[in-house]
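Novice: This is the structure, below, for whatever I ask next.
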Amino acid sequence: MVLPANVGDDPRYTDRLVPMTCPEDIPLEWRNSPIEALIRSENMGQPIAETVGQPQLLIATCIEFRYALPIPRMYAYVIRRASGRLVGSEFSMAYILAKGVQHLALIGHNDCGMTKVAENRVPMIAALIAQGWAPDRAEDFINAQAARHSMADELDGLKREYIRLRRIFKKLVIAPLFVDLADTRLFVPRWYADLDPTQQDDAEFSVSDIDLITDIVL
């Protein structure tokens, strides 16, 4: 598998990403935080300062093997899940929050395999069967999980997860970011830059039951 084209050369992302080439481009709500340090490291070549045993950040991103995180040891907790969605990781997040972490970098990327689940569905079922699963159980599992992890568009999928997490973790500072696999630069999604914070709980940003942990009282 090769690296995809730069997002600047891909019409699917035209006018949908906001670059961050200098500190002034970083949204105000992320400045003077571990999120700013991460952005400065990826986009401006400024190394993240080492910390001594005190995690500063949670980074949630995809299982994508073409993206290596630019962080020193003991700086951040990392959760990597298919599509970067944290459905099923809420217990892990509770532990991380209990350790004092107050910032989450939620990183999506271009050319995500979760936009290609339909074409990989049969091989995924076959892979589970090869591991000893009953065929009907394997098919039911893949179909159910595809509803949560597959997406038609990476930026829409990132928005979906951002809104879901805001509904569940109301005090956590969440930065939705988008990494270009071609050069690992981070962008702000245009939908976030245009978002009115006062309207984020309107019907436009409602979350379906399948996306919420229904046994949690929100």
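The values are calculated or read from the model by the stated rules, or taken from the named source; none is laboratory data. The model shown is predicted, which means the values in this text are computed figures rather than measured ones. Neighbour counts are summed over all protein chains in view; Cβ atoms, including those assigned to glycine, are modelled from backbone coordinates with ideal geometry.
Novice: Can you name every residue in segment 34-57 that is over 18 Å from Ala98 (Cα atoms) and either touching a residue at least 60 places away in the same chain (Cβ under 8 Å) or in contact with a helix residue (DSSP H, G or I) (Cβ under 8 Å, 6 or more places away or on another chain) (or both)?
Specialist: Matches in segment 34-57: Ile35, Glu36, Leu38, Ile39, Arg40, Glu42, Asn43, Met44, Gln46, Pro47, Ile48, Ala49.
Novice: Ala60 - would you say it is within 18 Å of Val188 (Cβ to Cβ), touching a residue at least 40 places away in the same chain (Cβ under 8 Å), surrounded by 12 or more Cβ atoms within 10 Å (Cβ to Cβ) and of a type in the set (Gly, Ala, Ser)?
Specialist: In short, yes.
Novice: If you go through segment 1-27, how many residues are in a helix (DSSP H, G or I), exposed (fewer than 10 other Cβ atoms within 10 Å of the Cβ) and modelled with pLDDT under 95?
Specialist: 1
Novice: While we're looking at this one, here's another question. I'm told Ala144 meets every condition in (1) in contact with a strand residue (DSSP E or B) (Cβ under 8 Å, 6 or more places away or on another chain); (2) exposed (fewer than 13 other Cβ atoms within 10 Å of the Cβ) except one. Can you identify the failing condition by its number?
Specialist: (1)
Novice: May I ask you to list the residues in segment 69-86 that are more than 17 Å from Ala37 (Cβ to Cβ) and in a loop (DSSP other than H, G, I, E, B)?
Specialist: Arg81, Arg85, Leu86 - these are the residues of segment 69-86 that are more than 17 Å from Ala37 (Cβ to Cβ) and in a loop (DSSP other than H, G, I, E, B).
Novice: Answer yes if at least one residue in segment 79-92 is buried (at least 20 other Cβ atoms within 10 Å of the Cβ), at pLDDT 95 or above and under 30 Å from Ile142 (Cβ atoms), and no otherwise.
Specialist: No, that holds for no residue.
Novice: Follow-up question, since we're still on this one. What's the total number of residues in segment 89-119 that are more than 16 Å from Gly157 (Cα to Cα) and of a type in the set (Lys, Arg)?
Specialist: Count: 1.
Novice: Another question, if that's okay. Checking the conditions here, which among Phe178, Phe205 is modelled with pLDDT of 60 or more, of a type in the set (Phe, Trp, Tyr) and surrounded by 13 or more Cβ atoms within 10 Å (Cβ to Cβ)?
Specialist: Answer to the check: Phe178.
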